[in-house]
Amino acid sequence: MTVFILRRVLQAILVLFITSLVVFLGVYAIGDPLEILLPADASMAERAQVAASLHLDDPLPLQYLNFITSALQGDFGRSFVYNRPALDVIFERLPATLELVTTSLILSLILGIPLGLIAGVKPGSVTDESIMTGSILGFSLPNFWQGMMLIMIFAVWLGWLPSTGRGQTGDILGIRTSYATWDGFIHLLLPATNLALAQIALVIRLTRTGVQETMPLDFVKYARARGISERRILFVHVLKTILIPIVTVLGIEFGSLIAFAVVTETIFAWPGVGKLIIDSINMLDRPIVVAYILVIVAMFIVINLIVDVLYSLLDPRIRSRAS
């Protein structure tokens with residue numbers, strides 16, 4: 001397992017280097033930030049001064065060399081717009097996005113697994129058809145439309161939940177979070193639900209398929225022959241078996257949700273990194289864009305490594321092969 005982890009870390013370093021090169025060349029070859037940062041009547045001297053202060057007048061290879069040298073020291077440059085270190089700006093917004101994504105995944109597990117189990121043990125029933133129809137709607141309806149409908153129903157018509165903003169936050173074990181206050185929690189519910197709908201549908205379908213494939217297997221028949229109750233067979237033996245693909249998919253989806261939560265954050269005015277990256281692209285804030293992509297890639301790599309470790313814990317055969 002140690003050799004496996006070390007090999008994955010070396011692969012991660014190579015992936016980060018290639019990503020940094022491709023993203024840097026792609027981002028820095030597009031547009032001129034001076035057109036946005038300076039007024040239209042700026043003189044050539046002013047343009048040259050700002051370009052020199054931002055190192056935009058250096059050759060592109062030299063800019064990349066300076067960038068990668070600073071990045072190895074934890075410095076991804078200063079934001080053109082905020083005039084602050086790019087990582088500071090990203091990490092300031094990242095907790096709100098992580099909070100939103102984590103809550104949506106918790107909701108998808110709490111709702112998706114029980115509904116998938118019910119549908120899986122009663123295939124072809126009215127209950128099964130109803131649950132699967134709901135999962136199809138969760139996949140099919142556009143995310144932005146679902147968000148607007150949630151606002152319309154629960155914020156406008158019923159008036160139960162606030163529609164925008166993060167709400168008041170508090171400290172739990174030194175971490176600033178919406179869970180610490182009731183106002184923050186109710187502000188979190190609608191955007192987290194919007195982000196979770198497609199994931200709930202995905203977990204339902206994975207769980208249902210896993211149950212239907214596992215129930216006819218010999219170890220389930222043997223458990224029945226030993227007199228073990230159906231409830232214990234389902235929630236202990238079968239559920240443990242089908243958790244492996246669910247963990248895999250949710251691990252990958254966690255990174256995807258961080259990267260693509262921009263629609264939900266925009267609709268609900270959630271102050272996360274999704275809104276930040278859209279604003280930075282519009283303003284050609286290159287350090288923010290490059291740092292954001294590298295941070296997301298690094299998170300993908302770490303999440304995939306955690307998923308592999310969880311694999312080994314859930315399935316001893318994988319652990320034995322890795323060793």
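The values are calculated or read from the model by the stated rules, or taken from the named source; none is laboratory data. Since the structure is predicted, the reported quantities are computational estimates derived from the model, not experimental observations. Quick reminder, even Gly has a Cβ in these numbers, built from the backbone with ideal geometry, and neighbours come from all protein chains shown. Accessible surface areas use protein heavy atoms only, side chains included; no ligands, DNA or RNA. Shrake-Rupley method; radii C 1.70, N 1.55, O 1.52, S 1.80 Å.
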Note to self, the chain gives a 222 nm [θ] from helices alone (DSSP H runs n ≥ 4, -39500 (n - 2.57) apiece, / all residues, nearest 500) of -23500 deg cm²/dmol
List the residues whose amide H sits under 5 Å from the amide H of ARG78, counting only those 5 or more places along or on another chain, with H placed 1.01 Å from N in the peptide plane. ALA86
Place +1 on the Cβ of every Lys and Arg and -1 on the Cβ of every Asp and Glu in the chain, take the dipole about the Cα centre, and give the residue among GLY147, ALA51, ILE233 whose Cα lies farthest towards its positive end. ILE233
Along the range 230-239, what does the Karplus equation 6.51 cos²θ - 1.76 cosθ + 1.60 (θ = phi - 60°) give for ³J(HN,Hα), rounded to whole Hz, x for Gly and Pro? 4, 4, 5, 4, 5, 8, 10, 6, 5, 4
Any idea which of GLY272, ALA119, LEU100 is furthest toward the positive side of the dipole for the chain, if Lys and Arg beta-carbons carry +1 and Asp and Glu beta-carbons -1? ALA119
Can you pull the percent of the chain's accessible area that's carbon plus sulfur, 1.4 Å probe, other chains left in place? 68 percent
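Expressed as a rounded percentage, what relative contact order does the chain have, with Cα pairs under 8 Å and six or more residues apart?
Relative CO of the chain lands at 27 percent.
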Quote the FRET efficiency, to the nearest 0.05, computed for LEU6 versus HIS237 with a Förster distance R0 of 51 Å and r equal to the Cβ-Cβ distance. 0.90
Helix 126-140: inclination vs the chain longest Cα principal axis, degrees, rounded to 10, gives 10 degrees
The Kirkwood hydrodynamic radius of the range 50-97, taken as the inverse of the mean 1/r over all distinct Cα pairs, in Å, comes to 11.8 Å
Tilt, helix 44-53 to longest principal axis of the chain (alpha-carbon atoms), in degrees rounded to tens, equals 50 degrees
Nearest 10, in degrees from 0 to 90: the angle of helix 2-28 to the longest Cα principal axis of the chain is 40 degrees
For the chain, size of Cβ-based charge dipole, Lys and Arg +1, Asp and Glu -1, in debye: 1660 debye
